[in-house]
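All remarks here apply to the structure that follows.
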């Protein structure tokens, strides 16, 4: 008998506009000690299934059909009091973001103990002992001290370990892990996945691992179920799915995963998607506004020469303020950072969170002033300029952020958001001209000019990133700083956006500073790359050379931790890329 | 001897009797509390109300506006400039000091230095002590209002105010804005002693055991006076039984209080005239008597008194209320819209006028509403009024600047005499003599001035009456100003408080004589 | 911590300085204080003499300089009406206002928390709809009307409660008198407190409801459900604590501002506190007192903000008040 059996599950979200079916006719099973990967892109319904199993669908979602059996007992449509006994005690849950899934106001001990005491019939004392024991098992050093601390005192990876400890603390038979490593750095991701795997095997606990990441699937799952738009399109053993995918969606999903092993000209698209995005329209740059220069432009640099020079930049942040200088504590965010970016190239900065890569981007953009060191843009020292002098330069350096939504005024229409910098820098004459430019830009990033009258919230994450790229282009920049532009996006959307950036670069001769923690993406995007850690540049080289023969130990380690796609044979899939 | 014993016995009897009837606590809510314990610091209703509680004047007004001796037992005219007062003997101040003519003289002299009172005492030359219990008040010229002014003399305890206080300041110092000894300490002859006082919060009084007027029926032994600024709260406090006696009563609550079976309301025709003044300096048209008359004809005084004032205003066509010397029966209310339009036409202002108007919004009963009503009425004869109302604190500076074409003014004669109205409101403005100080209309008729000045020296009352009535008639005929009504006075109290006998048109109830059942 | 407090102190000084400057600039348009000191029939010369004596004819700079000179020594001038130093007058009125705010705060806490929480956990119940509807009404009815209505019902018709003043007081310390320890004093406190809270209570209910709703949708609450915890524990221990954190910041500041909102309530109930004093001061053109009050209220705002930040830092383990990132 399977540990968990899901039969013909159907989940609906009724609303005023009708009933949306989120999951339809999904069946699968999980055995003790087995890890089932539930994979798909956002909106596929994979997380909804996890929530439905423990009756935690967010309203107004409801199970409209099918059954769920746990150890042979039917647990779908149980009364609230009974399902509560199953939660925690029978089925543990691990959430995606350990930053938000732990209550910031309670100590780790309180959060562990309440779970144990709510589900197991034990004394206060033994619950405490068990809590300590759990922390030790998930590999938290000095558990006696750490257990008294609050979540914010833990790093992201440690926090996720705490989350796992809580999920397992009442000895459940099954755990549901919903994107447990998506929010973590590469080096931590692997540790956490291995931890989950080893605990499952050791304790003979079944696991449903919900993820969008093929790398994760390849790494730890035993079997895979592929979801697409609410349907389960294919399932089988991990090896079978990765090596011999049958469904066209599975095939294209696998092919779209950026590769760390070889550089391709363009990213393969997930071409199974039915509503393919509008192809972007070519612009004759030499005759278009985008190709013109304005009086305030910095004298252009020839292709291949240094456009940006960063020399010995240092920056500290105060972590503990005090009246006396000696009592203050700092974190060195940039430590003697130097590099150059040549006109027309894409320069990569790679490193884990906290490595200082975003800080240096903000220093270049003029958001933070450096404490020491100099920055040259087209041979002008911009770090020594006044705010006024900087203005024309600032226009030519634009940033694209990971989460564009937060930088858009939700009450402004998209066309106004894009037009704003054109007006601000007086880059166009008439109102009519601006309207035309905005329309062209929207066409150009593949949204179509009609998108202009809508508001930001009406768009998906990928579309918003296109808007923010259009806005960045509206100032006719020479340098585009992309800070993790696709980290929040699905593989298929990521491919589209990155291809767009590549095309724009070819066409407009843009120079890019590309920041990412994702090594495969860096390999596909960048001409040269620097590896950062703790505010320092450890290694810098041509991208290909760096990936083939890394010099620094840290780089080697990072490369080794890229999820292995050993099972993955891409032969036969390459055809589709055309 | 026998007589003395009888007196003593009756005094004892009175004390014991009253002791039984006493021990009544009266909770009073006025709209404001007195600003100071120094009776000479500010000439205001609040001060006079306090004066009658803690002090006694030489003479006081009766309800019929006659004089009644208090600390002066009787008085006689010695010559046309001198009045002799025979003082009550055996009266003791709160401090225990005995009351004598010296105290009257001291008080008289202090009043003459008070910025607020000196104007009233200006016609006087001196106070001459004749003997311990006799004093002469002498005026510069024959002065018909000598007794009227004597109602302002509440003899103070001169010994009590002699010397220096703990700050080294003279105890009799009269300070308007400082913390003087006299503003905190009091010794007079009145029925009540202030036992506790917290500015703006409450004043507590207890009856003075040695009060001289043993014949007074008053049986209130303790008073707690609380200022309650908000009209609705004051009325609620009375209806809820938290206080026994309130004043003033807002017109909106008249009906409610009349109908209530828990309280009684007492009203008296008032003596405060509410007027509008038409500024002839600012508006050429106002120089034309026809325009002024037209305005007077256009305004429905009776309607305002009835509707807005809920009947608690007596429509007026002259300054002097009934009972005052200048009052004449044949001055009738004017209201005739047709006539008003006709007059405007005759004056050449058929097409109308545009004027500004200002009025206070917290000085007189319903002041802002009245101004609005008048503005609406003027619109009917094509006079467009740009009305601005404001709190009195801002209104007075504006009034002093004569900042609008039409300004509202209410007036109560400190001397309870017709001449006072005209002197302040209708005589030709003259900064040297001070006449016409409140004449913002700049109306000026030398004949009126002459009549009034004559009346001030005329001691023959019949002649004086003719003079004043004549003056009022001229003002009426020329529509020198626009009279609206006399603001009636209203008090309300619980049924057991016998208010009616102690109230008067001057609005200082003689609480010492108040009987509470 | 020291830096934080020093910064706040400096901020308070700047706020008070600016307020006093504004106050002085507008004071002449607030009316003529001399007019309020004398009877109406007093002549212009007498008034002019008094004005001269009070220094009201001096140039702006001279008057303001005199004020500042006194202010640095803690002397904000002399109230014309009370004939006492402005600081003494304000301090003597402070207890009444603080007690009123205290009373209103208790009412707000006792009602807003349960009602707000109920509305958040039962968003669809008819009672929630009723509470939310009533709270809209509560916000829109003027304080003045609320006061008179309550006074009429409980004072006049039912005759349960006194309608004005503070009732019987006991002296606690120095000029500090309290009505909190006498039955009469407490009875007098009830209606004004309800009236004062009538504006804030609906705001707090709505605030708590929306914060709690947000918290209930958070990941850690979802995690708490997934952990198999009891619903009461989730609602009243976990979610409530997280809800109260932002409520304390917003709410604390609001309660500070309530000191300024007392003006109307105190006027209706003849409550001898600072708000009523201020309104009267305006009516009487008691300019030193008006300016003194404004300066003092500015100080109270800074103090409440500081206290709220301190409390917040105390409750939220992730915040170090030292701040200054």
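Computed over region A:186-255, the percent of Cα pairs more than 19 Å apart is 35. By other beta-carbon atoms within 10 Å, ranking C:188, B:485 with the fewest at the front produces C:188, B:485. Shape descriptor for chain A: Rg over Rh equals 0.99 (Cα atoms; Rh from the Kirkwood inverse mean 1/r). Dividing the radius of gyration of the alpha carbons in region B:59-150 by their Kirkwood radius gives 0.95 for Rg/Rh.
Helix A:156-168 axis versus longest C-alpha principal axis of chain A: approximately 20°, rounded to the nearest ten. Averaging 1/r across all pairs of distinct Cα atoms in region C:123-179 and inverting the result yields a Kirkwood radius of 14.5 Å. Taking the longest Cα principal axis of chain B as reference, the axis of helix B:446-457 is set at about 10 degrees. Shape analysis of chain B based on the Cα gyration tensor places the equivalent ellipsoid semi-axes at 42, 28, 21 Å, largest first. The average projected area of the protein assembly as shown, computed from the convex hull of its Cα atoms over all directions, is 69.7 nm². With all pairs of separate Cα atoms included, region C:1-114 yields a Kirkwood hydrodynamic radius of 17.6 Å. Per the Cα gyration tensor, region C:116-265 maps to an equivalent ellipsoid with semi-axes of 36, 19, 14 Å, ordered largest to smallest. With contacts taken as Cα pairs under 8 Å and at least 6 residues apart, region B:59-150 reaches a relative contact order of 27 percent. Legend: calculated FRET efficiency, residue A:126 to residue A:560, from the Cβ-Cβ distance at R0 = 45 Å, rounded to 0.05, equals 0.65. Applying 1/(1 + (r/R0)^6) with r as the Cβ-Cβ distance of residue C:190 and residue C:249 and R0 = 35 angstrom yields a FRET efficiency of 0.75. Projecting label points 7 angstrom from Cα along Cα→Cβ for residue B:362 and residue A:25 puts them 7.9 nm apart.
In terms of overall dimensions, region A:1-140 has a Cα radius of gyration and Dmax of 17.2, 53 angstrom.
Taken residue by residue and averaged, Cβ atoms of other chains lying within 10 Å of the Cβ of B:225-235 number 6.
Between C:208, C:291, C:315, the residue with the greatest mean-square fluctuation in the GNM of chain C (Cα pairs under 10 Å linked by springs) is C:315. Can you tell me which of C:268, C:172, C:295 moves the most in a GNM of chain C? Springs connect C-alpha atoms under 10 Å apart. Result: C:172 has the largest fluctuation of those listed.
Look at the alpha carbon pairs under 8 Å that are at least 6 residues apart: their mean separation over the length of chain A gives a relative contact order of 15 percent.
How many angstrom lie between the C-alpha centres of region C:173-239 and region B:71-116? Result: 66 Å between the Cα centres. A simple spin-label model places the labels of residue B:31 and residue B:379 2.7 nm from each other, with each point 7 Å out along Cα-to-Cβ. Beta bridges per DSSP, both residues in the protein assembly as shown: antiparallel share near 65 percent.
Placing a label point 7 Å from the Cα of residue B:460 along the Cα-to-Cβ direction, the residues of region B:134-162 whose backbone N falls under 18 Å of that point are B:142-145.
Ordered by the number of other Cβ atoms lying within 10 Å of each residue's own Cβ, fewest first, A:355, A:27 fall into the sequence A:27, A:355. With one equal scatterer per alpha carbon and no solvent term, the Debye-computed log10 I(q)/I(0) for region B:153-261 at 0.10, 0.19, 0.24 1/Å reads -0.46, -1.08, -1.27.
The percentage of C-alpha pairs in region B:269-488 whose separation is greater than 24 Å is 38%. The orientation-averaged shadow of the Cα convex hull for region A:89-197, equal to a quarter of the hull surface, comes to 6.1 nm².
Taking other C-beta atoms within 10 Å as the exposure proxy, A:54, C:148 rank C:148, A:54 from fewest upward. Mark the label point 7 Å from the Cα of residue A:1 along Cα→Cβ and return the residues of region A:73-94 whose backbone N is within less than 20 Å of it. Within reach of a label on residue A:1: A:73-79, A:82-92. Inter-chain Cβ neighbour count for A:167-174, averaged per residue, equals 1 (cutoff 10 Å, partner chain atoms only). Once Rh for region A:377-448 is found with the Kirkwood sum over Cα pairs, what is the Stokes-Einstein diffusion coefficient at 20 °C and 1.002 mPa s, in µm²/s? Estimated diffusion coefficient is 151 µm²/s. The modelled label-to-label distance between residue C:14 and residue B:195, using points 7 Å beyond Cα along the C-beta direction, is 5.4 nm.
Relative to the current alpha-carbon distance between residue A:412 and residue A:338, full extension at 0.36 nm per residue lengthens the span by 22.8 nm.
I'd like the FRET efficiency for residue A:329 and residue A:460, computed as 1/(1 + (r/R0)^6) with the beta carbon distance as r and R0 of 45 Å, rounded to 0.05. With a Förster radius of 45 Å, E is 0.60. Taking C:203, C:68, C:76 in turn, the Gaussian network model of chain C (Cα-Cα springs below 10 Å) assigns the largest fluctuation to C:68. Relative to the longest principal axis of the Cα atoms of chain A, the long axis of helix A:186-203 makes an angle of roughly 10 degrees. Here, chain C yields an orientationally averaged convex hull projection of 21.9 nm² when only Cα atoms define the hull.
Sequence-distant contacts, meaning Cα pairs under 8 Å at least 6 residues apart, place the relative contact order of chain B at 19 percent. Taking every residue in A:97-106 and counting other chain Cβ atoms within 10 Å of its Cβ, the average works out to 6.
Here, each number is a calculation from the coordinates, and none is a lab measurement. What you see is a predicted model; the values in this text were computed from it and never measured. Note that each Cβ is placed from the backbone with ideal geometry, even for glycine, and that neighbours are counted across all protein chains shown.
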